[in-house]
Amino acid sequence: MDDDGRIEAVTTWDGNGSEDGWLALPGMPNGHSHVFQRALAGYGEGRSGQDTFWSWREAMYRLANGVSAEDLRVIARAGYTAMLAAGFTSVAEFHYLHRLPGTAPAETGAIIAQAAAESGIRLRLLPVYYECGNFGKPARPEQARFLHATIEEFLQTLEDLGRHAPGFAIHSLRAVRPESLEALVGGATAMLGETVPIHVHAAEQPAEVADCRERYGCGPIALLGRNIELGPRWNVIHATHADAAERQALINAGTTVVLCPLTEAYLGDGIFPATEFAAAGGRLALGSDSNVRLDAVEELRLLEYGQRLSERARARLANADGLGAALWARLAQGGAAPLGMEVGRLTPGYYADFVTVDPESPDLLGSDGPAAALDALVTAADRSAISAVYVGGRRLSTRLDRDLAARYGTRTRALMGSGA
Ligand SMILES: [Zn+2]
């Protein structure tokens with residue numbers, strides 16, 4: 001490695017000195033996270049009639065409007081440590097919780113950056129522009145913490161964040177008017193450069209697509225493409241309900257679709273046709289989104305199994321040699337685009353971000369060689385088979401500090417528990 005933690009050469013192991021087993025994988029880049037939503041784990045699961053994404057969003061708003069700067073510090077620190085234990089070594093944080101009592105937007109961004117640095121995870125902070133309620137309607141009072149009043153104000157936040165924010169996001173076509181896109185993208189690009197990643201949520205929910213069609217006569221991804229030029233630095237989160245023409249436009253533009261299988265299942269979003277998209281040359285990456293369950297192995301399993309269930313067939317994202325290696329490699333390599341970094345491969349020039357798999361894991365005992373172990377990892381095991389996590393060549397602790405765990409529990413119960 002060089003001093004920056006990048007790989008200079010990969011050599012054959014001489015059989016000495018390894019404490020972590022014999023199988024290393026590129027750490028999974030996490031292409032989409034809202035770390036504060038981790039505190040929703042265990043809440044909002046009761047049946048109340050109309051239980052949809054939109055009713056879940058009310059619980060999320062309750063959390064978002066309750067957290068203090070100190071809460072965010074604790075939740076983010078604990079969340080990133082759990083993310084590392086889950087096999088993710090870098091994260092694109094889609095950060096829209098800008099305004100907490102007593103903090104300016106740039107300060108909440110700095111809290112996230114500090115939490116990531118303390119945990120050791122590699123961060124791409126993406127401050128999010130959010131300007132209105134549903135498709136041009138005025139924002140609701142509970143959305144106030146997410147808002148910037150003008151594009152100029154948002155650009156000022158980017159400038160104030162300086163080195164912490166080499167990228168940005170547009171919340172969605174619901175929350176940003178299409179007529180704002182050109183000035184927003186132009187202004188941010190002038191400040192940050194032509195190559196930084198841009199992220200946007202789109203086509204996650206059928207109601208969102210219906211509202212967009214009613215107002216603009218097309219779906220949100222088509223609307224995006226009418227107002228800006230999509231390209232390889234664009235990353236569309238979910239795209240679950242994109243139509244065939246929209247998916248083809250993403251493929252043509254080299255735009256990455258970031259899938260978040262556990263969250264898309266948790267929220268009842270639906271299943272993206274990943275097999276077809278990948279076969280047509282589409283780029284895919286993985287995100288943990290809500291972070292309620294953090295496990296890169298389970299994300300991959302649910303991605304593959306969702307395709308199997310909807311297509312009633314097996315080995316959807318596999319190749320002739322198997323499933324695990326092909327699936328892990330595809331999603332890890334795909335993560336370089338949303339992160340905008342050389343991550344997701346163990347090759348010279350890329351960061352030495354990797355995880356090792358424990359071949360003594362009870363779920364892998366019968367595996368004969370690396371390919372079988374990776375197939376067993378994805379079908380039979382979970383994050384507990386990960387024996388060590390390295391970022392920039394440095395072996396990190398993924399154990400949650402006891403004091404931090406206690407504070408996380410106390411604060412989350414106060415925010416979300418029945419006494420709240
Ligand atoms: Zn999201």
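Rule-based calculations on the coordinates, nothing more; no lab input. Fair warning: this is a prediction, and the values are worked out from it, not measured in the lab. For neighbour counting, all protein chains shown are included, and Cβ atoms are generated from backbone atoms with ideal geometry for every residue, glycine included.
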Discussion item. Can you tally the net charge around A175? Count Lys and Arg as +1, Asp and Glu as -1, for every other residue whose Cβ sits under 14 Å from the Cβ of A175.
Written reply: +1
Discussion item. With both bridge residues required to lie in the chain, what share of the DSSP beta bridges run antiparallel, to the nearest 5%?
Written reply: 30
Discussion item. Once each part is reduced to its C-alpha centroid, what is the distance from the range 192-220 to the range 57-130 in angstrom?
Written reply: 23
Worksheet entry | From phi via Karplus (6.51, -1.76, 1.60), per-residue ³J(HN,Hα) for the range 99-113 in Hz, x at Gly/Pro | 10, 10, x, x, 10, 7, x, 5, 6, 5, x, 5, 4, 4, 4
Practice prompt. Quick one: which residues, 5 or more positions from D289 or on another chain, have an amide H under 5 Å from its amide H? H modelled 1.01 Å from N in the peptide plane, none for Pro or chain starts.
Written response: H32, S33, H34
Discussion item. Net charge within 10 Å of S290 by Cβ-Cβ distance, Lys/Arg positive one each and Asp/Glu negative one each, not counting S290 itself?
Written reply: 0
Discussion item. Taking the number of other C-beta atoms within 10 Å as the exposure measure, put C132, C260 in order starting with the fewest.
Written reply: C132, C260
Worksheet item: Which ³J(HN,Hα) values in Hz, rounded to whole numbers, follow from the phi angles of the range 61-78 under the Karplus curve 6.51 cos²θ - 1.76 cosθ + 1.60, where θ = phi - 60° and Gly and Pro get x?
Response: 5, 5, 5, 4, 8, x, 6, 9, 4, 5, 4, 4, 4, 5, 5, 5, 4, 5
Fill in: Which of R301, R413, R293 has the fewest Cβ neighbours within 10 Å, and the rest in rising order
R413, R293, R301
Practice prompt. Using θ = phi - 60° and the Karplus relation 6.51 cos²θ - 1.76 cosθ + 1.60, list the HN-Hα couplings for the range 213-222 in order, rounded to whole Hz, with x at every Gly or Pro.
Written response: 4, 5, 7, 10, x, 7, x, x, 6, 5
Discussion item. For a quick check of your reading of the filter: which GluC sites (Glu not before Pro) in the range 9-59 sit in a DSSP loop and have no more than 14 other Cβ atoms within 10 Å?
Written reply: E19, E45
Item to complete: Relative to the longest principal axis of the C-alpha atoms of the chain, give the angle of the C-alpha long axis of helix 402-416, reported between 0 and 90° and rounded to the nearest 10°.
Response: 30
Response to the item:
Among GluC sites (Glu not before Pro) in the range 148-209, those in a DSSP loop whose Cβ has at most 13 other Cβ atoms within 10 Å are E194
Practice prompt. Hey, can you grab everything whose amide H is under 5 Å from the amide H of H95? Only 5+ residues off in sequence or another chain; H modelled, so Pro and N-termini drop out.
Written response: L126, V128
Discussion item. Among 102-113, 76-87, how do they line up by average Cβ neighbours within 10 Å per residue, starting with the highest?
Written reply: 76-87, 102-113
Response to the item:
Counting sequence-distant residues (5 or more places) and residues on other chains, those with an amide H built under 5 Å from that of A175 are F135
Worksheet item: Translational D (Stokes-Einstein, µm²/s) of the chain at 37 °C and 0.692 mPa s when Rh comes from the Kirkwood sum over C-alpha pairs?
Response: 151
Discussion item. Restricting to DSSP H runs of at least four residues, report the calculated mean residue ellipticity at 222 nm for the chain, -39500 (n - 2.57) per run over all residues, nearest 500 deg cm²/dmol.
Written reply: -12000 deg cm²/dmol
Worksheet item: For the range 214-310, which GluC sites (Glu not before Pro) are in a loop by DSSP, counting at most 10 other Cβ atoms within 10 Å?
Response: E229
Worksheet, complete the sentence: Ordered by fewest other Cβ atoms within 10 Å, a rough proxy for footprinting exposure, T347, T255, T379, T89 read T347, T379, T255, T89
Worksheet item: Relative contact order, percent, of the chain when contacts are C-alpha pairs under 8 Å separated by at least 6 residues?
Response: 24
